[in-house]
Amino acid sequence: MEHVSFPALSRFAICGGTHGNEMSGVHLVQEMQKQKIDKVGSVSITTVISNPRATEACRRYTETDLNRCFTEAILSAPITDNTPYEVRRAQELNAKLGPRGSQEAMDLVCDLHNTTANMGLCLISWTVDWISLHIYKYIQRKISSAPVRLILLDLPPSKSYSQDSLGKHGFSIEIGPQPHGVVRADIFNLMKEAVDQTIDWVQSFNSGDTFEGGEVEAFIHEKSIDYPRGPETHEITATVHPQLQDNDFSLLQPGDPIFLSFSGETIKYQGKELHPYFVNECAYYEKKIAFHLARKVTVTIPSISVQRERGAADIMDEQKIKLG
Amino acid sequence: MERKVVRLPGLSRIAVCGGTHGNELSGVYLVRELLKVEKKPGEEDELASVLMVLSNPRAVQQCRRYTETDLNRCFTHATLSGPLSDRTPYEIIRSRELNSLLGPKGSSEAVDLVCDLHNTTANMGLCLIAYSDCDWICLHIFRYLQRQMPDIPVRYIHFNLPPKEAYSLESVGKHGFAIEIGPQPHGVVRSNIYTMMKAGVQHMKDWVRLFNSGTIFEEGCVEVYTMVKNVDYPRDCDTHNITAAIHPQLQDRDFCLLHPNDPLFQTFSGDTLRYKGTEPLYPFFINECAYYEKGIALSLARKRCVDIPPLQVQTEAERQESERGFVSEEE
């Protein structure tokens with residue numbers, strides 16, 4: 001694969017509290033703000049508590065899920081008196097960290113999340129971006145205290161909806177299991193390490209290091225499965241089966257138990273062999289998701305390095321080519 | 001040591017309550033399931049009537065702990081008898097309703113036993129929580145549960161408060177305890193935790209049936225954890241935000257003895273803060289989500305063995321005799 005170069009990543013945004021009850025990111029960003037961290041070497045760092053109202057109330061959101069508000073439609077919608085808080089906030093964040101697609105946008109946006117699912121450390125990338133994939137490769141090599149995995153949503157740019165899509169490059173760090181509203185020291189430490197390693201990588205990248213290409217394993221989202229629900233009440237009638245609970249990323253095969261009803265019946269999986277993740281995530285009950293399913297792939301990534309700065313000689317060469 | 005058999009009145013009315021905190025889901029779904037099963041004929045229990053209650057329906061509907069105020073702090077004598085206005089929080093109105101339904105607290109009309117179902121984010125296994133360390137009904141049920149469920153940790157936590165000051169729902173019955181099971185995130189239902197709750201409630205009902213039908217429960221000795229004090233997180237003086245998390249060496253170690261100088265907290269800047277008490281104590285409710293706002297990072301208890309006497313249900317004659325005594329006390 002041909003080597004790829006990118007402009008330096010000089011402006012890096014770290015966002016916590018996009019969901020106000022996902023506490024690792026809240027406390028990490030608050031700590032960075034307390035220590036007034038705004039620059040590390042060549043990287044200028046912007047820290048943001050994305051949803052301050054939800055963070056204050058220790059709730060996922062106040063009116064609507066902020067991390068679903070970064071669609072083209074919502075970002076360009078006119079503001080009225082009835083506009084939900086999170087929609088206004090999404091537009092503010094787009095102005096601050098974006099505007100998405102423009103030259104002014106942050107070079108890199110990293111959004112910090114927690115999950116009640118046993119997912120270890122995941123990088124979630126809405127698209128196949130060599131920067132994000134290289135950061136994943138680097139973090140996986142550096143962190144051994146938890147499994148490190150990459151989830152690709154593989155969305156076209158017009159369909160991106162999350163905060164990390166505001167920057168020129170971006171991804172989320174998702175760490176679990178942690179109950180919402182709770183801060184566990186081990187999970188906080190893991191989040192801090194992942195952010196520190198990301199900053200290290202960015203500094204290395206900016207200083208001109210070449211990052212070797214290779215192959216990385218990734219999980220590409222395919223579909224979601226809801227809980228069995230009662231026909232009238234739509235209340236769940238079963239919960240994730242003990243054999244599936246906490247087994248995120250293990251291969252799920254047809255015939256494997258997936259739900260155990262409250263009255264004791266086992267419900268089995270019918271479908272393609274896939275890997276479940278976000279198994280029993282608290283916030284997804286209302287989104288009608290018991291777990292997601294992904295296929296495992298190997299992605300070949302090119303070697304990358306920072307673009308050389310365009311010097312006077314380069315500009316003159318380009319002029320000659322234009323005139324010629 | 002041979003003690004005289006203690007004879008207590010039968011338990012003809014028991015209540016099983018779920019959703020006292022609307023996001024503690026094992027109890028919510030168990031009560032719903034038991035209500036469904038109840039509708040089938042031929043499964044009645046002649047020896048006891050079991051009332052199934054969803055304590056805080058509004059909070060359950062919103063999947064929140066409470067809507068205005070914590071329902072499970074509304075059962076003190078003062079709150080139950082204070083004046084009502086049109087600004088009275090929903091949960092206080094609800095506590096009065098529950099007191100009418102299951103109580104009134106302290107009266108002879110109160111149900112015989114209240115079992116209130118809870119979950120915690122702390123790694124506490126199955127705990128019975130009660131206000132007494134000498135309620136032989138509760139302590140015998142505890143021992144029975146321990147023996148019927150040998151594969152899981154089952155413990156008894158005692159909060160030393162007199163009935164008038166007892167603030168939680170189970171204090172409304174003549175006897176009462178909470179079943180608290182963790183760890184489970186609030187808003188999540190884990191299958192293993194639900195199964196544990198279901199088994200615990202079933203064993204409790206089995207014990208009641210055995211007791212009511214005259215079984216003698218032999219004397220013995222049980223371990224009881226009596227609550228001594230709470231410890232809050234270190235907090236920022238201005239914002240009041242917490243500045244540390246439970247230390248990794250303490251996290252998940254509920255009921256493991258905490259010694260003076262053991263690590264307690266890890267600050268967000270990486271420092272270790274240690275336990276400054278002089279007495280080794282047993283921690284529980286370590287990192288319970290709902291307790292951040294109550295200023296509790298963990299609770300501490302002393303452990304001791306309590307001798308429980310042999311227990312048997314009163315005969316009908318004995319019951320009438322003691323009821324006459326009770327009535328004249330009330331008068």
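Once the chain from residue A:96 to residue A:272 is taken as fully extended at 0.36 nm per residue, the excess over their C-alpha distance is 59.1 nm.
The Cα center of segment B:59-122 and the Cα center of segment B:255-331 differ in position by 21 Å. Over what distance in Å are the Cα centres of segment A:219-256 and segment B:7-23 separated? Computed from Cα coordinates, the inter-centre distance equals 33 Å.
Contact-buried residues of segment A:28-77, at a threshold of 40 Å² lost accessible area versus the chain by itself: A:31, A:59 (1.4 Å probe; DNA, RNA and ligands ignored).
Computed with every protein chain present, the accessible area of residue A:201 is close to 0 Å² [probe 1.4 Å]. Taken about its Cα centre, segment B:272-331 carries a charge dipole of roughly 840 debye when the Cβ of each Lys and Arg holds +1 and the Cβ of each Asp and Glu holds -1. Modelled spin labels at residue B:293 and residue A:300, positioned 7 Å past Cα toward Cβ, are 5.5 nm from each other.
For residue B:90 and residue A:73, FRET efficiency with R0 = 35 Å and r from the beta-carbon atoms, rounded to 0.05? Each step should come with its number before you reach the end.
Values: r = 37 Å, r/R0 = 1.07.
FRET efficiency, residue A:73 to residue B:90: 0.40.
Computed over every Cα-Cα pair of chain A and binned at 20 Å starting from 0, the pair-distance distribution P(r) comes out as 30, 56, 13, 1 percent.
Using a ≥ b ≥ c from the Cα gyration tensor of segment A:49-190 (square roots of the eigenvalues), is it rounded, prolate or oblate, where a/c under 1.5 gives rounded and otherwise the larger of a/b and b/c decides, a/b for prolate?
Details: a/c = 2.31, a/b = 1.29, b/c = 1.79.
In terms of gyration-tensor shape, oblate.
By accessible area, using a 1.4 Å probe on protein heavy atoms only, segment B:85-157 has 48% of its surface on carbon and sulfur. Rounded to the nearest 10 degrees, the angle from helix A:185-206 to the longest Cα principal axis of chain A is 30 degrees. Just checking the listed ones, B:147, B:87, B:65: in the Gaussian network model of chain B with Cα springs under 10 Å, the one fluctuating most is B:87. Charged side chains reduced to their Cβ positions (Lys and Arg at +1, Asp and Glu at -1) give segment B:70-197 a dipole of some 100 debye around its Cα centre.
Going by the alpha-carbon gyration tensor, a ≥ b ≥ c the square roots of its eigenvalues, is segment A:98-141 rounded (a/c under 1.5) or, if a/c is not under 1.5, prolate (a/b greater than b/c) versus oblate? Walk me through the numbers on the way to the answer.
Values: a/c = 2.79, a/b = 1.60, b/c = 1.74.
Here segment A:98-141 falls in the oblate category.
Modelled this way, with points 7 Å down the Cα-to-C-beta line, the labels at residue B:35 and residue A:212 are 6.3 nm from one another. Note on residue B:320/residue B:160: beta-carbon distance plugged into 1/(1 + (r/R0)^6) with R0 of 35 Å gives a FRET efficiency of 0.60. For the protein assembly as shown, the antiparallel share of DSSP beta bridges with both residues in that region comes to about 50%. Under 20 Å from a label point set 7 Å out along the Cα-to-Cβ vector of residue B:223, the amide N atoms of segment B:158-198 belong to B:158-160, B:178-183. Distance from a point 7 Å along Cα→Cβ of residue B:279 to each backbone N in segment B:239-260: keep the residues under 19 Å and list them by number. Only B:255-260 pass the distance filter. Cα-based values for the protein assembly as shown, radius of gyration first and Dmax second, are 28.7, 116 Å. Comparing the full protein assembly with the isolated chain (1.4 Å probe, heavy atoms, ligands and nucleic acids excluded), the residues of segment B:95-133 losing at least 10 square angstrom of accessible area are B:121.
If you take every DSSP beta bridge fully contained in segment B:105-204, what fraction is antiparallel? Give it as a percent rounded to 5.
Numbers: 5 of 17 bridges.
Antiparallel bridges: around 30 percent, rounded to the nearest 5.
Could you report the buried accessible area between A and B, both sides summed, computed with a 1.4 Å probe and given in Å² to the nearest 100? All intermediate terms of the calculation are to be shown ahead of the outcome.
Values: alone 15310 and 15930 Å², together 28760 Å².
Chains A and B together bury roughly 2500 Å² of accessible area.
Here the sum of -39500 (n - 2.57) over DSSP H runs of 4 or more residues, divided by the residues of chain A, equals -8000 deg cm²/dmol at 222 nm, to the nearest 500.
Cα-based Rg of segment B:13-109 per 2.2 N^0.38 Å, rounded to two decimals? Don't jump to the answer; show the numbers that get you there.
Details: Rg = 14.7 Å, N = 97, 2.2 N^0.38 = 12.5 Å.
Dividing the Cα radius of gyration by 2.2 N^0.38 Å gives 1.17.
Approximating the spin labels as points 7 Å out from Cα along Cα→Cβ, the residue B:97-to-residue A:57 distance works out to 2.3 nm. Comparing the full protein assembly with the isolated chain (1.4 Å probe, heavy atoms, ligands and nucleic acids excluded), the residues of segment B:45-92 losing at least 30 square angstrom of accessible area are B:64. Of all beta bridges that DSSP places with both ends in chain B, some 50 percent have antiparallel geometry. Efficiency by 1/(1 + (r/R0)^6): what FRET value for residue B:269 and residue A:319, r their Cβ-Cβ distance, R0 = 56 Å, to the nearest 0.05? Rounded to the nearest 0.05, the efficiency is 0.60. The Cα-based radius of gyration of segment B:252-321, divided by its Kirkwood radius, gives an Rg/Rh of 1.31. Dipole magnitude for segment A:210-273: about 280 debye, using +1 per Lys or Arg Cβ and -1 per Asp or Glu Cβ, origin at the Cα centre. Cα convex hull, segment A:1-108: 140 Å³ per residue, rounded to a whole number. Cross-link check: pairs A:137/A:296; A:34/B:294; A:34/A:137; A:192/B:294 evaluated at a Cα-Cα cut-off of 21 Å; pairs beyond the cut-off: A:34/B:294; A:34/A:137; A:192/B:294. Shape class for segment B:131-211, computed from the alpha carbon gyration tensor (a ≥ b ≥ c): oblate, with a/c not under 1.5 and a/b at or below b/c.
For the residue pairs A:36/A:288; A:39/A:142; B:174/B:303; B:174/B:229; A:159/A:268; A:288/B:105, the alpha carbons lie more than 30 Å apart in A:36/A:288; A:159/A:268; A:288/B:105.
Expressed as a whole percent, the accessible surface of segment A:83-230 that belongs to carbon and sulfur atoms is 45, based on a 1.4 Å probe.
Where in segment B:100-141 does the amide nitrogen come within less than 20 Å of the point 7 Å from the Cα of residue B:81, taken along Cα to Cβ? Flagged as within label range: B:100-111.
Short to long, the 5 Å bins of the Cα pair-distance histogram for segment B:37-178 hold 2, 9, 17, 19, 20, 17, 11, 5, 1, 0 percent of all pairs.
What does the accessible area per residue of the protein assembly as shown come to in Å², with a 1.4 Å probe and no ligands, DNA or RNA counted? Don't skip to the end; give the middle numbers.
Details: 28760 Å² over 655 residues.
Here the per-residue accessible area is 44 Å².
The values are calculated or read from the model by the stated rules, or taken from the named source; none is laboratory data. Quantities reported herein were computed from a predicted structural model and do not represent experimental measurements. For neighbour counting, all protein chains shown are included, and Cβ atoms are generated from backbone atoms with ideal geometry for every residue, glycine included. Remember, those area values only see protein heavy atoms, side chains included, never the ligands or the DNA or RNA. Shrake-Rupley method; radii C 1.70, N 1.55, O 1.52, S 1.80 Å.
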